[in-house]
Amino acid sequence: MSAATRERPAASSPLLELVDTTVRFGGITAVNDFSLSIPKGMIAGLIGPNGAGKTTVFNIVTGFYQPASGDILFGGESLLGMAPHNICKKGIARTFQNIRLFQTETVLKNVLVGAHVRQKSHWWMPAVMWPSSLAEERAIRKEAMELLECLELAAVADMTAGSLPYGAQRRLEIARALATRPRFLLLDEPAAGMNPQESNTLLELIKRIRDDFDLTILLIEHDMKVVMGVCERIWVLEYGTCIADGAPEQIRNDRRVIEAYLGEEFVNNAQN
């Protein structure tokens, strides 16, 4: 058996798996017996109306919520009971539906915050000018500037995050997430508030960072042109239950999905 043949199963094995996961808040079931499997290198989508449970799925993957039942596996390892910062260290980063930048800090400092999770220096080392700490700080700042360059934000590195246009703030959140050196990136409505031109640019950016940073990506998005344009597989939630999953063409032509979320107008426009 050749080396290439031996490597194929590993390449197609899932990086992230949710296995029969259920989340309840009191008597309300937010996510019901939901499973997904995303292999390394895929860009996947999670869609559904507000309140369908999409962000809840992100919150259980990142450790903010614990499921009532089921399991979350990352590289075959269970994430159950793991704190969010430790999940981040494992290689999972996210952005948020509502922008959560440090608005009064500079663009550069926001990205440096993302790198904090992997710093090896102790808190007291910079204060005493510890050589290894200073070297690490220089390396992190250099990498942060490279990320800003990649996301076309280097020119505004010294501006406060809150002074940036909305689309640039979205890109800054992505840069901060990339500073953690993730293997898996969760994007929660990255196109929210963007105009059509910005959305088209974002679509290309998502593809580029997947390739340039060797990432696997799961995104929540209401802009169906972005979803259909970038995702290789899509899961559809309705009231916490998965009603469909498959390739974009399958989802585009699924009658239940069309009636519930996309609407006949979208399908007709997408086919033109």
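No lab work stands behind these numbers, since they all come straight from the coordinates. On a predicted model such as this, the values are computed, not experimentally measured, just so you know. Cβ: placed from backbone, ideal geometry, glycine included. Neighbour counts: every protein chain shown.
Among the listed pairs K89/K142; K40/K89; K40/K90; K89/K225; K40/K142, give every one whose C-alpha distance is greater than 23 Å.
Checking Cα-Cα distances, K89/K225; K40/K142 exceed 23 Å.
Using a Förster distance of 35 Å, how high is the FRET efficiency between N195 and D71, based on the Cβ-Cβ distance and rounded to 0.05?
Working from the Cβ atoms, E equals 0.30.
Test of understanding: what is the full-extension gain from A154 to N50, defined as 0.36 nm times their sequence separation minus their Cα-Cα distance?
Value of the extension gain: 34.0 nm.
Label points 7 Å out from Cα along the Cβ direction at N32 and Q103: separation in nm?
3.8 nm
Highest mean first, what order results for 79-86, 230-237, 31-38 on Cβ atoms within 10 Å?
The packing order, highest mean first, is 230-237, 31-38, 79-86.
For the modelled label position 7 Å from the Cα of I243 along Cα-to-Cβ, which residues of the range 58-73 have backbone nitrogen atoms closer than 17 Å?
none
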